[in-house]
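Scroll down for the structure; my scribbles are underneath it.
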Amino acid sequence: MPRHTLGVSRDTVIDPALHRARRSRLLESLGDGLLLLPTANELARNGDVQFEFRPGSDFHFLTGFPEPGAVLAAWRTGRNAHRSVLFVRPRDPEREIWDGRRFGVTGAQRSFGVDEALPIAELWERLPGLLEPHARLFHRLTHDADFDARLLRCLAKAAFARRRRQAPAHPMIADPVPAIAALRLQKDAAELAAMRAAAAATVAGHRAAMAAARPGMLEYEVQIALEGEFRRHGSPRNGYPSIVASGPNACVLHYHDNDRKLKKGDLLLIDAGAEVHGVTADVTRTFPVSGRFSPPQAAVYRVVLRAQLAGIKACRPGAPWNAPHKACVRSLTRGLVELGVLRGEVATLVQKNAFKPFYMHGTSHWLGRDVHDVGAYEGARGRPEPMPENAVLTVEPGLYFGSRDTRVPTELRGIGVRIEDDVLVTRGGNEVLTEAAPKRIAEVEAACRAADQ
């Protein structure tokens, strides 16, 4: 497991061999040229307040470096060999009083497996020399307008200096992100270990929420129990804002107010994931606030759970990435007929998208450093990409019946159920990383009664 240094930043990952190996794999995939990759920017929230800084996902994957104001430059020097330079903020005792300790140039070179570290202020002065031997520059344009503008000014200045040679004004610029995405899609051992840690923290949070929720509480009080457990398990932040949606709010897919009072007989849908070591989990559970499902709630829940299990079964290497969605749609449509919401032949109803008013979102997305992680879904001809081994994706079917939807039986109105797990594609099939979060009805009801025992 990579080393995470205390006293600097919870995003610090010190494992020089790991990050050097990742950079080498990427540069072998890209070929000859200079890779230029900045981290994320610091962003102002309001006044003198900044949003919490989180390192850029690609940058952090390749360096483990946690601080803002940093840029990686790297290039091949031979087969499976490369050189890397990290441009970072220098030590600054005055600023460190306000913002905390920095690694600085010496610390960055010593701890992160790069060949050289330099002050970030020297980047634009040194870049022409770094570019000179290379016919290609690997950099994603359009992601950061200010960085791109400085880069173009640097290239223009260098082109002017070489104008008498009639040399190209700039190297060929190629986007490295597809190659980085392909590398990130198939998780290495370190990322899988981090994903298991994120899954464990997330499972603990969902269990805590089930045990804590009671009629009369506010949604955000349950959120406190959920996210407090995340933090106790080493998560510095959520992978995304928690959805804590009770009663009819469960039918709002990206509900975010989290301020309704829980009522007796409500279902509570929680979609939340902890981030650990730069990767996130993504789990949804739906459970009864009063501790027991009503018969209509249980009927809907069983339909969604059956569909989710069918979707998980469809996760295997080489299968189209959307195979879980197709499996879930078939199963949910059959369930909608059983519940009396739809009438007709299941195959015909699926073909007509009759399920759409009640299941309007997709079933799966790639998962990793971003909750909707990088990785292609379609090939050049629009065909679904196959699932590769060691990819992780979600399986998250649901049914949503609005409280005023006259198309559904009265007893089902206002019920929203979603069940989501994180599934690792393995050589022999799959592994559900978040299986320990209760989801069978008896398990869920037992978890809801845990605080009473």
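For region 363-400, residues that are modelled with pLDDT of 95 or more, over 17 Å from Ala319 (Cα atoms) and loosely packed, with under 15 Cβ neighbours inside 10 Å total 1. In region 103-119, the residues that are closer than 16 Å to Pro93 by Cα reach residues that are part of a loop (DSSP other than H, G, I, E, B) with C-beta atoms within less than 6 angstrom, at least six apart or across chains, in these pairs: Gly104/Pro90; Gly104/Arg91; Val105/Pro90; Pro119/Pro90. Evaluate the following for Met195: is it among the hydrophobic types (A, V, I, L, M, F, W, C), in contact with a helix residue (DSSP H, G or I) (Cβ under 6 Å, 6 or more places away or on another chain), in contact (Cβ under 8 Å) with a residue 60 or more places away in the chain and crowded, with 16+ Cβ neighbours inside 10 Å? Here the answer is no, as Met195 does not meet what is asked. If you check Arg76, Arg89 for being under 28 Å from Gly239 (Cα atoms), over 27 Å from the mean Cα position of the chain (by Cα), crowded, with 19+ Cβ neighbours inside 10 Å and not hydroxyl-bearing (Ser, Thr, Tyr), only one passes: Arg89. The residues in region 415-443 that are over 22 Å from Gly368 (Cα atoms), in contact with a Lys or Arg (Cβ under 9 Å, 6 or more places away or on another chain) and surrounded by 23 or more Cβ atoms within 10 Å (Cβ to Cβ) can be counted, and the count is 1.
On the basis of being closer than 21 Å to Leu18 by Cβ and modelled with pLDDT of 95 or more, does Val105 make the cut? So Val105 does not fit the description; no. If you go through region 167-193 and pick out every residue that is in a helix (DSSP H, G or I) and β-branched (Val, Ile, Thr), you end up with 2.
Considering region 99-129, and only residues there that are farther than 22 Å from Gly64 by Cβ and aliphatic (A, V, I, L, M), the residue that is surrounded by the fewest Cβ atoms within 10 Å (Cβ to Cβ) turns out to be Ala121. Specify the residue that is surrounded by the most Cβ atoms within 10 Å (Cβ to Cβ); the eligible residues are those in region 132-174 that are among the aromatic types (Phe, Trp, Tyr) and in contact with a strand residue (DSSP E or B) (Cβ under 7 Å, 6 or more places away or on another chain). The selected residue is Phe138. Of the residues Asp11, Asp99, Asp58, Asp15, which is more than 17 Å from Ala179 (Cβ to Cβ), of a type in the set (D, E, K, R) and modelled with pLDDT of 95 or more? Step by step, each of Asp11, Asp99, Asp58, Asp15 is checked, and only Asp15 is more than 17 Å from Ala179 (Cβ to Cβ), of a type in the set (D, E, K, R) and modelled with pLDDT of 95 or more.
When Ser403 is tested against (1) assigned to a loop (DSSP other than H, G, I, E, B); (2) surrounded by fewer than 16 Cβ atoms within 10 Å (Cβ to Cβ); (3) touching a helix residue (DSSP H, G or I) at 6+ places or on another chain (Cβ under 9 Å); (4) free of Cβ contacts under 8 Å to residues at least 24 places away in the same chain, exactly one condition is not met: (4).
Which one is nearest to Val444 (Cα to Cα) among residues in region 208-225 that are crowded, with 22+ Cβ neighbours inside 10 Å and of a type in the set (A, V, I, L, M)? Going through the qualifying residues, I end up with Met210.
Against the test of being in a loop (DSSP other than H, G, I, E, B), of a type in the set (Asp, Glu) and buried (at least 20 other Cβ atoms within 10 Å of the Cβ), the options Glu67, Glu52 yield a single qualifying residue, Glu67. Every condition in (1) farther than 30 Å from Thr426 by Cβ; (2) touching a residue at least 24 places away in the same chain (Cβ under 8 Å); (3) outside the structural domain of Ala245 (by TED's automatic domain parsing); (4) surrounded by fewer than 16 Cβ atoms within 10 Å (Cβ to Cβ) is met by Pro178 except one, and the failing one is (1). May I ask you to list the residues in region 216-251 that are closer than 20 Å to Phe51 by Cβ and assigned to a helix (DSSP H, G or I)? Once the filter is applied, which keeps residues that are closer than 20 Å to Phe51 by Cβ and assigned to a helix (DSSP H, G or I), region 216-251 yields Gln223, Glu227, Phe230, Arg231.
The values are calculated or read from the model by the stated rules, or taken from the named source; none is laboratory data. Predicted model only: the values in this text are computed from it and were never measured. Cβ atoms come from the backbone with ideal geometry, glycine included; neighbour counts cover every protein chain shown.
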